[in-house]
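Colleague: The structure follows.
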Amino acid sequence: MTTKNEYLQQLIPLYQAAGNKWPATTREVAQWAIITGKWAPHPSAIVSQCAEEIARALRDEYVTDEQGRKVRTKHAATYSEGPEQFVLWDDIRTATPKHMRLAFQQRRQQILGDCKQLKNDVDSYNENRSPVEPIQIIFDFGVDLEELQYARMVSTRKPKYVM
């Protein structure tokens, strides 16, 4: 028995074997999967799809704060109640410190997971493909964050005119 993700992953070799364009966009693969009857939405999935689209929209909602920073307004945090887990969204302007602390810690863990996977991918590429110049990735973002903050300070500073 395969998982939903495994089934979707298995569609790619079928798409390729059918002689379709490769590399391809996920939209191209999805159109082929729907037309060939290899994928169809389940009625129970409609609520999940709507929820995913709402979550995506919430992640893309920003305001400019009093200091001129572009800030995400809605933040998700995963909570547990017994064996049940659920995600609650709240607004940075009204959320409790407890919610925001949890949301920020969980986002940091997601970023760490992305960095770990990127390191695995780069290390595998370098070790298995043996490029002439191995790809090097720096995971210390301190200098990058300082540069971005400096650029923001310079761009928001009002010019001084000398007469």
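Colleague: Filter the stretch 111-161 for residues that are part of a helix (DSSP H, G or I) and basic (Lys, Arg); which is modelled with the lowest pLDDT?
Modeller: The extreme case among them is Arg152.
Here's the yes/no breakdown for (1) within 23 Å of Tyr62 (Cα to Cα); (2) of a type outside the set (S, T, N, Q):
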| residue | (1), (2) |
| --- | --- |
| Val87 | yes, yes |
| Asp90 | yes, yes |
| Arg93 | yes, yes |
| Leu102 | yes, yes |
| Gln109 | yes, no |
| Gln117 | no, no |
| Ile138 | no, yes |
| Gly142 | no, yes |
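The values are calculated or read from the model by the stated rules, or taken from the named source; none is laboratory data. It should be emphasised that the depicted structure is a prediction, and the values quoted were computed from it without experimental measurement.
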